[in-house]
Amino acid sequence: MKYNVKSGQVSYGEAVGILLIQNYVPFVPGDVANATTYDYPVRFQRVPGLSVERIFSHDMTFYTEIKTAAESLVKEGVRAITGDCGFLALFQKQLAEDLEVPVFMSSLLQIPFILSIIAQTKKLGVVTANSESLDIGVFNALGITESQMDRIVIAGLENSEHFVSAVIKEEGVLDTDLMEKETVEAALLLQKENPGLGAILLECSLLPPYGKAVQEATGLPVFDFVTLIDYVFSAVVKKQYYGFM
């Protein structure tokens, strides 16, 4: 088999490029920003200056920096671009227009799909890093309709002590037991307040490590950022099947 060099590319085999906000947290296995989360190579690219505070305040002035970082990943051969914060939804439409590869900037892109696979009478619970910042503008950026919004209920971790310490204040220590406890508590509260809950979506890129615990506690299907990344990877790198009849 012969392979041709790609101009300007010095490494190969990384299909998914992940844009990282500037958030100094211990990214544990299962986190979007930990390479061991994946069964395949990924490539990371930081967006300088794009902090949690700026994301939560919906600072749109960073589009140029985000586009530049994404273009750098594309030049290195990635086949799709994602990020490590659900609030990057704000840049989804424009970046998808400007790049030649698929763009999926937010875990929230899964909402229409999830709502379509559960009964119309059931709701989707979203556990987010910040329920105050997860406003209608974020959903509108993804084309979420008013009727879909009526089926979404939200719980935020902005008042959860350890999440705030580790993620918002960036104090340098992340206790996975405490993070799991706070995430499960938020999901159980949503379920208690909404008996017709049909599924859970973990918006924040730090929460996939606790998805299994959430599922065991609620008994519901649990979607997260890694669910989405794995799905897109399977579309841009198709599997060769082997077996017998």
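The values are calculated or read from the model by the stated rules, or taken from the named source; none is laboratory data. Since the model is a prediction, treat every value here as computed from it, not as a measurement. All Cβ positions, even for glycine, are placed from backbone atoms using ideal geometry, and neighbour counts span all protein chains on display.
Quick notes on this structure:
Let's see how each residue does on (1) without any contact (Cβ under 8 Å) to a residue 24 or more places away in the chain; (2) among the hydroxyl-bearing types (Ser, Thr, Tyr); (3) more than 22 Å from residue 231 (Cα to Cα); (4) loosely packed, with under 14 Cβ neighbours inside 10 Å:
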{"site": "96", "(1), (2), (3), (4)": "yes, no, no, no"}
{"site": "106", "(1), (2), (3), (4)": "no, yes, no, no"}
{"site": "114", "(1), (2), (3), (4)": "no, no, no, no"}
{"site": "121", "(1), (2), (3), (4)": "no, yes, yes, yes"}
{"site": "124", "(1), (2), (3), (4)": "no, no, no, no"}
{"site": "137", "(1), (2), (3), (4)": "no, no, yes, yes"}
{"site": "144", "(1), (2), (3), (4)": "no, no, no, no"}
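- Hey, residue 91 of a type outside the set (A, V, I, L, M), under 18 Å from residue 227 (Cβ atoms) and surrounded by 20 or more Cβ atoms within 10 Å (Cβ to Cβ) or not: no
- If you check 153, 173, 127 for being closer than 19 Å to residue 199 by Cβ, of a type in the set (A, V, I, L, M) and touching a Ser or Thr at 6+ places or on another chain (Cβ under 9 Å), only one passes: 127.
- Listed here are the helices (runs of 4 or more DSSP H) enclosed by segment 14-117 that have at least 1 residues being modelled with pLDDT of 95 or more and in contact with a Lys or Arg (Cβ under 8 Å, 6 or more places away or on another chain): 63-75, 92-98, 111-117.
- The set of residues from segment 12-53 being at positive phi and within 15 Å of the chain's Cα centre (by Cα) comprises just one member, 30.
- Listed by first and then second residue, the pairs with beta-carbon distance under 6 Å, at least 6 apart or on different chains, first residue in segment 1-23 and within 12 Å of residue 84 (Cα to Cα), second assigned to a loop (DSSP other than H, G, I, E, B) and aliphatic (A, V, I, L, M), are 17/78; 19/47; 20/33; 21/50; 22/50.
- Within segment 146-168, considering residues that are free of Cβ contacts under 8 Å to residues at least 24 places away in the same chain and polar (S, T, N, Q), the one surrounded by the fewest Cβ atoms within 10 Å (Cβ to Cβ): 147
- All positions within segment 24-45 that are in contact (Cβ under 8 Å) with a residue 60 or more places away in the chain and among the hydroxyl-bearing types (Ser, Thr, Tyr): 24, 37, 38, 40
- Flag not set for residue 10, criterion: surrounded by 12 or more Cβ atoms within 10 Å (Cβ to Cβ) and within 26 Å of residue 236 (Cα to Cα).
- Counting only helices (runs of 4 or more DSSP H) that fall entirely inside segment 138-245 and contain at least 3 residues that are among the charged types (D, E, K, R) and modelled with pLDDT of 95 or more, the qualifying elements are 176-193.
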